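In what follows, a single structure is set out as structure tokens and then discussed.
The values are calculated or read from the model by the stated rules, or taken from the named source; none is laboratory data. Please read all numbers here as calculations on a predicted model, not as lab measurements. All Cβ positions, glycine included, derive from the backbone under ideal geometry; neighbour counts span all protein chains shown. SASA here: full protein model, heavy atoms, side chains in, ligands and nucleic acids out. Shrake-Rupley method; radii C 1.70, N 1.55, O 1.52, S 1.80 Å.
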Amino acid sequence: EVLGLSWIEMKEIPQFFEHLLKKVKISIIKGNHDGGIERILPKGVEVHDSKGFVISDVGFTHGNAWPDEKLLDAEYLIAGHLHPAVEFWSSGVRVTEHCWVKCEIDSKRLEKKYRRKSSLKTGIIVPTFNHLKGGVALNSKEFQPNKTNDPLLNNEIFKWKKSEIFLLDGTFLGKLDEIKIR
């Protein structure tokens, strides 16, 4: 086992990326569990650190670190790391669903941190697509953004309380503050 991957995964992951590279350009942001990923990726896959990169007017960051300053020039900020979810309760049964989070960005707080103007307006937090992977239920009373190891939430850069919540298939659930907390 290398990098927490089995021999089969070590073989299949490079093959998967080699196949994709024949069709599209691939850029990856290293996350907090991706140490050494470069060793299994084929040549041609761009690897960026967790602070991110920009394509056009979209900044991409992992979410576990402050974004690179160049992302302030984008209009949208896409982040992962949090693994957002929502909880549903009915007759004592709890179901957790992974979700997309779309929210406003508090550019004044960013400008204070970086001491320069920010063009960022909209933040999108990407869910995990693996149903076996856990998630952070944003509509739970236990959710504490200051304990997420995510500076964008901890410092209220993402205005998450008024965020729009979408299921993985795009179904709009409503604003987070309208989804019942149990």
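Both numbers refer to the Cα atoms of the chain; Rg and Dmax are 17.6, 52 Å.
Rounded to the nearest 5, the antiparallel percentage of DSSP beta bridges internal to segment 25-182 is 60%. Taking 0.36 nm per residue of separation and subtracting the current Cα-Cα distance, fully stretching the chain between S90 and S56 would add 7.9 nm.
In the chain, the calculated helix contribution to ellipticity at 222 nm averages -4000 deg cm²/dmol per residue, counting -39,500 (n - 2.57) for every DSSP H run with n ≥ 4.
May I ask you to give the percent of accessible area on the chain that is carbon plus sulfur, with a probe radius of 1.4 Å?
Solvent-exposed carbon and sulfur of the chain make up 51 percent of the total.
Backbone phi angles across segment 47-53, fed through the Karplus curve with coefficients 6.51, -1.76 and 1.60 (θ = phi - 60°), yield HN-Hα couplings of 10, 10, 6, 5, 6, x, 8 Hz in residue order; Gly and Pro are listed as x. By the rule of a C-alpha distance below 23 Å, with chain neighbours fewer than 8 residues away ignored, the lysines paired with K112 are K51, K70, K102, K121, K147, K159, K161, K162. For the chain, the solvent-accessible area works out to 61 Å² per residue, with a probe of 1.4 Å and every protein chain left in place.
Among the GluC sites (Glu not before Pro) within segment 121-182, those in coil by DSSP and having at most 14 neighbouring Cβ atoms inside 10 Å are E142, E156. For the chain, what relative contact order do you get, as a whole percent, if you take Cα pairs closer than 8 Å and at least 6 residues apart? Contact order relative to length: 17 percent. Could you give me the ³J(HN,Hα) list for segment 133-138, computed from phi with Karplus coefficients 6.51, -1.76, 1.60 and θ = phi - 60°, whole Hz, x at Gly and Pro? Residue by residue, segment 133-138 yields 7, x, x, 9, 6, 5 Hz. Amide H to amide H, with H built 1.01 Å from N, N139 comes under 5 Å of E87, counting only residues 5 or more places away or on other chains. Of the chymotrypsin sites (Phe, Trp or Tyr not before Pro) found in segment 78-182, those in coil by DSSP whose Cβ has at most 13 other Cβ atoms within 10 Å are F129. Taking 18 Å as the straight-line reach from the Cα of K22, the aspartates and glutamates in range (excluding those fewer than 8 positions away in the same chain) are E12, E46.
For a quick check of your reading of the filter: which GluC sites (Glu not before Pro) in segment 1-100 sit in a DSSP loop and have no more than 12 other Cβ atoms within 10 Å?
In loop regions of segment 1-100 (DSSP not H, G, I, E or B), the sparsely surrounded GluC sites (Glu not before Pro) are E1.
If the chain linking F17 and K121 were pulled fully straight, counting 0.36 nm for each residue of separation and taking away their Cα-Cα distance, it would gain 34.2 nm. Give the calculated FRET efficiency between E142 and F172 to the nearest 0.05, with a Förster radius of 30 Å applied to their Cβ-Cβ distance. E between E142 and F172, to the nearest 0.05, is 0.75.
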